[in-house]
1. Rounded, prolate or oblate for chain B? Axes are the square roots of the Cα gyration tensor eigenvalues, ordered a ≥ b ≥ c, and the cut-off for rounded is a/c under 1.5.
2. Using a 10 Å cut-off around each Cβ, can you sort B:His141, B:His193 from fewest to most neighbouring Cβ atoms?
3. Under 1.5 on a/c is rounded, so check that first for the stretch B:302-408, then, if it is not, pick prolate when a/b is larger than b/c and oblate when it is not; a ≥ b ≥ c are the square roots of the alpha carbon gyration tensor eigenvalues.
4. Quick one: what are the phi-derived ³J(HN,Hα) couplings along the stretch A:113-124, Karplus 6.51/-1.76/1.60 with θ = phi - 60°, whole Hz, x for glycine and proline?
5. Find out how many positive minus negative residues lie around B:His94, taking Lys and Arg as positive, Asp and Glu as negative, among other residues whose Cβ is under 12 Å from that of B:His94.
6. What list of ³J(HN,Hα) couplings, whole Hz, do you get for the stretch B:63-74 from phi and the Karplus terms 6.51, -1.76, 1.60, once you set θ to phi - 60° and write x for glycine and proline?
7. Sort B:Leu303, A:Leu81 by Cβ crowding within 10 Å, fewest neighbours at the top.
8. Over chain B, what is the mean sequence separation of C-alpha contacts under 8 Å (at least six apart), divided by residue count, expressed as relative contact order in percent?
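Each value in this text was obtained by applying a stated rule to the coordinates, not by laboratory testing. All values reported here derive from a predicted model rather than from experimental measurement. Note that each Cβ is placed from the backbone with ideal geometry, even for glycine, and that neighbours are counted across all protein chains shown.
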Amino acid sequence: MLWSGINRPSLLEGDELFARTTALAIAILAAIDAAAAQTANQPPDTMAARVEACTPCHGNKGEGTSDVYFPRLAGKPAGYLYNQLLAFRSGRRKYPPMNYLLEFLPDPYLEAMAEYFASEHPPLPQPAPSEVSKDVLAQGEQLATSGDAGRNIPACVSCHGPGLTGMQPGIPGLLGLRAPYISAQLGAWRYGTRTARSPDCMQLVAGHLTEADVTAVAAWLATRPAPANPAPVPKGTYALPFGCGSQPN
Amino acid sequence: MGSRLSITLLALAAFTTAAQAQDKDKTGDIVARGEYLARAGDCTACHTAPEGRLFAGGRAMPTPFGTLYTSNITPDPETGIGKWSADDFYKTMHNGRFPDGGLIYPAMPFASYTKVTRADSDAIFAYLRSIPPVSQKNRPHELRFPYDNRQLILGWRTLFFSEGEFKPDPKKSAEWNRGAYLVEGLGHCGMCHSPINALGGTSQSDAFKGGLIPMQNWYAPSLTSNREAGLGDWSIKDITDLLQTGVSARGVVYGPMAEVVHNSLQYLDDADTKAMAVYLKGISEPSPPPPASSALPTTESSLLISLGKTVYDKNCASCHGTQGEGKPPHWPPLANNQSIEMQSAVNPIRMVLNGGYPPGTKGNPMPYGMPPFAGLLSDNEVAAVVSYIRTAWGNRGTPVSAREANELRSAPLN
């Protein structure tokens, strides 16, 4: 409608044309101005602006920060991230600064936040050189890739995937995380301060790990280089050794 | 007394919220009305545990005297209130007593609910009878001696409890009276917004004068002083926006007030929200002049404030604007924002330390957030930036010290 006046200038002549187009131009400029003023007075209508409360700790694209206990979020399965946000909101998973931020946010919004970070793909960080001995790393690799049947420990890869990139919708990859964070999470499961939807398979796994196992597997995982394709594999790509409440089948 | 209220209210103009409420009562579904009123009373804030079943209780309420656990108010006959009559229920709401006459702790806000009409109490009861029963035993309270003795409640009641349904003020409009009924009664706003004395009571004469909430370390501002949250110079639209959506052109809600908007106020209809706004605007009174000077020596405070400007420009201006103008309602203005200038600096210090999101509401389902700065700024920088926002752009607050900032680092977050 607005543009039709410009498309048909030949219908108008001389001064009249000039007056009409000028008036139109002014009207358009005013409209653009008003729109610009309006957006200038409002924060951008984007998820990026809405999660600015998260980025000092998790990085602008969820890539993580220099703090080794602040996890990367980018590229993890949306279902997994959403489950974590629900658990933080209800206080089932504890980290008071986040419990506080999320307390009064509705489900669909938490879902949108999860989708947002799941769809970001900043590169995985360079693995940090490890401080533990070769033997310990070897023990970690053994647990992660083969488990320890004698002690009822399944291989981590049997759930987290052969490439450790996780599986949609509920199983996270274990790459791009640093050893202290991984140890802290396994410890939290062992002591019951982190729980997942029942049956909580990670609790079963962590319950069988010793302190030494935790140190070893965390150290080895943190040395893994980024794979060519870090994306979580589609749902149902492989069968889990036993059921997990976070991964509906 | 209930019928007297109805008659008085019905006698008033035809197009009032009160009359509308009465209509709903006559024609409408009493259960739906009860649900609405239970929202207005925010029963769920206390009687539903996180991830727990609706109204099955068991939520811990820390108090200076120990921890209380809320009751199961589902219609389960053994563990809930399934065997109660409407009379029993009214006795609890109106008089703070169990069916057997036993005394109820005032953490259950019966001192406000006593103003609720019998008809409204019956509607809430009808609604509670309609929800799924949950078999879950009440967890015994963990109160320290001597507070575990319920007889002590008698003393509290003598000092702080006056039983009685709401009496409308015939000199005021029906709308004002409806607002007063909701704010003073079901809304139990005075439970937080009045100073709490050592006995855990709020007195009638200090109603809505503001106070620090024990255990939580949030300051609930005065609703009567325009130097705090008195809404005398707010427009009705800004007040209703704040109550219904959690954000407004003048400021936002956070902390315990975010809970109130999230669980309760966002569900009130436009007419009731407006009635509350009219009442709240009406009770604001002329305030005493601001305190002349700050407790800090002037050289110290001027240094603080110049450091504060540096911190502000680097960390805050991107959202709140270089002149504190914000981008309202989502990024609230800090210039001319009462909740920053108040005598108590607890809230702005905690905002800077903890950040926050306003509640997600129907009117604002995807709120914008503020990052916590506890890990990014030192005590000195927190004090500096808070001093700056309290005094810049014509704001009339006073500077704060690094010690105050430090003390609030350990304030509980939930």
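1. It comes out prolate by the Cα gyration axes.
2. Sorted ascending by nearby Cβ count, the order is B:His141, B:His193.
3. Note, shape of the stretch B:302-408 comes out prolate.
4. Karplus-based 3J(HN,Hα) across the stretch A:113-124 equals 5, 4, 4, 4, 6, 5, 8, 8, 9, x, x, 5 Hz.
5. Counting the neighbours of B:His94, the net charge comes to -2.
6. Each residue of the stretch B:63-74 in turn: 10, x, 9, x, 9, 9, 10, 6, 8, 6, 10, 7 Hz.
7. Placing the least packed residue first, the sequence is B:Leu303, A:Leu81.
8. 14 percent
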